[in-house]
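These notes are about the structure you will find just below.
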Amino acid sequence: TFDNRVKIVEVGPRDGLQNEKKSIPLATKIELIERLAKTGLQTIEAGAFVSPKWVPQMANSDEILEHLLKTPPPSPVPLTFSFLAPNTKGLESALSILGKYPDAYETETTRSGKSAQEGGKPALEIAVFAAATESFSQKNLNCSIDASLRQFKEVIQQAKQANLRVRAYISVVLGCPFEGYDVDPHRVAAIATDLLEMGADEISLGDTTGMGTAPRTKELLNCLSLAGIRNEDLAMHFHDTYAQALVNTAVALEHGIRTFDSSVGGLGGCPYSPGATGNVATENVVYFMESLGMDTGVDLDRVADIGDWITREIGKPNDSVVGKAVLGA
Ligand code: HMG
Ligand code: MG
């Protein structure tokens, strides 16, 4: 039978907010996560344990994690909260907070499959982030691809010892702001294979610049399949800079991918990818999936309301065409 379930990973609270110049109050970030938790979204990327000098907006991720453990948001589905950690320093910060609340979260071995409303606790996930080009790796992580992979090996090992699920991003897979369109899909396949062998549970393929096109998405996914990488180990992370995200999503869906990252209100942009705009809007992805008969489990009206609210809150235009249409705005 055809499996029509699609998982949406909401990255708004992290990818969506990290690039905002004005400091967003902690309470707003927490309210955003709490609102998203009510929509049926199962995974929410909530922050990043990165250097506050590099990405000041993520500086209070420790307080966000602590709040989510102390006061888990009500949710109709089992929730996973994801946090970026580029090195062991970041992971250790996260683990020291988890250590204070050992009974407040699920690990890979204790996952109950219960929602908060059924008395379940949230699961925690750690995300590392590699790049497909040397230039982007230097700009984003201040080191070469190989050096970053050596660091991630340690991060993944330690996260796995703590029984946490690990996601691994690969950025600029379909275009690099410094090296252009010709990103080698075989290099992406090799990096993905390394990360999976290190123990990553999932690879999220980042079209950081939004330069991806339908044929190049197809070429990349074919290359990964030929390299033996399974569709169930992959997620697509499209930015919508050139309005190709849904076209590329259709190609990935057709290829058999069932996990897609998106950001409410189309928020976002990477600080190290000049000119790149936000992630594809969650509203757009949910609407598109529904139009194809796919099941996201996400309440479109609620997400549209959140997109309207958060974009007003931070003084940005609502970048979701679907969100605006749904709201009649
Ligand atoms: P560095 O400067 O080379 O690191 O940065 P360092 O080891 O030399 O340390 C420098 C300072 O940073 C030290 O502090 C460290 O303690 C501190 P000082 O002694 O100067 O006071 N430091 C940290 N502080 C907090 N948390 C940490 C941490 N590590 C070191 N984890 C580093 C290297 C990796 C830290 C830096 O480059 C960094 O934080 N990069 C993160 C950049 C980032 O967050 N980018 C955005 C996320 S990725 C993305 O958006 C793409 C994605 O969406 C997918 C896609 O679209 O493609 C995921
Ligand atoms: Mg991104």
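The values are calculated or read from the model by the stated rules, or taken from the named source; none is laboratory data. Bear in mind that the values here come from a model prediction, so they are computed numbers and not experimental data. So basically every Cβ, Gly included, is an ideal-geometry build from the backbone, and we count neighbours across all protein chains shown.
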Complete set of residues in the stretch 265-302 that are of a type in the set (A, V, I, L, M), within 16 Å of ligand 2 (Cβ to nearest atom) and either within 20 Å of Arg167 (Cα to Cα) or surrounded by fewer than 17 Cβ atoms within 10 Å (Cβ to Cβ) (or both): Val280
Count of residues meeting criterion [at pLDDT 95 or above, at negative phi and of a type outside the set (A, V, I, L, M, F, W, C)] in the stretch 257-271: 5
Any hit, the stretch 184-193, residues being among the acidic types (Asp, Glu) and either touching a His at 6+ places or on another chain (Cβ under 9 Å) or within 15 Å of ligand 1 (Cβ to nearest atom) (or both): no
Only listed residue being within 12 Å of the chain's Cα centre (by Cα) and either modelled with pLDDT under 95 or under 18 Å from Ser262 (Cβ atoms) (or both), chosen from Thr39, Thr43, Thr1: Thr43
Qualifying positions in the stretch 319-328 - at pLDDT 95 or above and not small (Gly, Ala, Ser): Val321, Val322, Lys324, Val326, Leu327
Pairs where the first residue, in the stretch 7-25, is closer than 19 Å to Met236 by Cβ and surrounded by fewer than 23 Cβ atoms within 10 Å (Cβ to Cβ) and the second is at pLDDT 95 or above and charged (D, E, K, R), C-beta under 9 Å, 6+ apart: Lys7/Arg258
Meets criteria (small (Gly, Ala, Ser), at pLDDT 95 or above and more than 24 Å from Val303 (Cβ to Cβ)) for Ser144: yes
Hits in the stretch 140-156 - residues which are surrounded by 15 or more Cβ atoms within 10 Å (Cβ to Cβ) and not basic (Lys, Arg): Asn140, Leu141, Cys143, Ile145, Ser148, Leu149, Gln151, Phe152, Val155, Ile156
Glu34 vs. criteria surrounded by fewer than 24 Cβ atoms within 10 Å (Cβ to Cβ), among the acidic types (Asp, Glu), under 25 Å from Asp319 (Cβ atoms) and away from ligand 1 (no atom under 13 Å from the Cβ): yes
Subset of the stretch 240-270 (residues that are within 11 Å of ligand 1 (Cβ to nearest atom) and under 11 Å from the mean Cα position of the chain (by Cα)): Asp261, Ser263
Residues within the stretch 229-256 that are surrounded by 21 or more Cβ atoms within 10 Å (Cβ to Cβ) and among the acidic types (Asp, Glu), tallied: 1
Residue list for the stretch 274-300, restricted to those being small (Gly, Ala, Ser) and either outside any loop (DSSP other than H, G, I, E, B) or in contact with a Lys or Arg (Cβ under 8 Å, 6 or more places away or on another chain) (or both): Ala281, Ser291, Gly297
Residue check, Thr71 free of Cβ contacts under 8 Å to residues at least 24 places away in the same chain and farther than 23 Å from Cys270 by Cβ: yes
Test: residue in the stretch 126-134 that is away from ligand 2 (no atom under 16 Å from the Cβ), under 23 Å from Pro13 (Cβ atoms) and surrounded by 15 or more Cβ atoms within 10 Å (Cβ to Cβ): yes
